[in-house]
Amino acid sequence: QVRLVESGGGLVQAGDSLRLSCVASERTGRNNVMAWFRQAPGKEREFVAAIRRGDRNAVYADSVKGRFTASRDDAANTVYLQMNSLKPEDTAVYYCAADGSLVVYTTPAHYDAWGQGTQVTVSS
């Protein structure tokens, strides 16, 4: 089973940038889609971005479109999330997820493999 490990979270000021990484333990059909979700305290886990193996372009939530960029290094089994112009409302635990589907889904229920999460805190 694929294992995911996120890293790169931290405490930053509004307007700053941060780069998250997620490394998968293996390259199989189980990680054809790799996605980023986030969950703030007391809120539901929400979709951030997702990208399929071999794709250059990612799918983004409206709230992060134009500010965040997801990319993949398939040879390294790694997905990245470059976060620019961070806002306090971006504060959350960010989770990496993987799925074997050929279609990108934006709901957490479609993803079977999850990382442990990395905390992103943006001060005002």
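The values are calculated or read from the model by the stated rules, or taken from the named source; none is laboratory data. Since this is a predicted model, take the numbers as computed values, not measurements. A quick note on method: Cβ atoms are made from the backbone with ideal geometry, for glycine too, and the neighbour counts reach across all protein chains shown. Side chains are part of the model used for accessible areas, which takes the heavy atoms of the whole protein and leaves out ligands, DNA and RNA. Shrake-Rupley method; radii C 1.70, N 1.55, O 1.52, S 1.80 Å.
Odds and ends about this structure:
- Members of the stretch 87-124 that are farther than 19 Å from Asp62 by Cα, crowded, with 19+ Cβ neighbours inside 10 Å and not aliphatic (A, V, I, L, M): Asp99, Tyr111, Gly115, Thr118
- The number of residues in the stretch 81-96 that are outside any loop (DSSP other than H, G, I, E, B) and either within 14 Å of Arg53 (Cβ to Cβ) or more than 14 Å from the chain's Cα centre (by Cα) (or both) comes to 2.
- Residue in the stretch 17-27 that is open to solvent by less than 60 Å² (accessible area, probe 1.4 Å), in contact (Cβ under 8 Å) with a residue 12 or more places away in the chain and farther than 22 Å from Ser123 by Cα present: yes
- Checking each residue in the stretch 84-117 for being closer than 24 Å to Ser25 by Cβ and touching a Ser or Thr at 6+ places or on another chain (Cβ under 6 Å) picks out only Tyr94.
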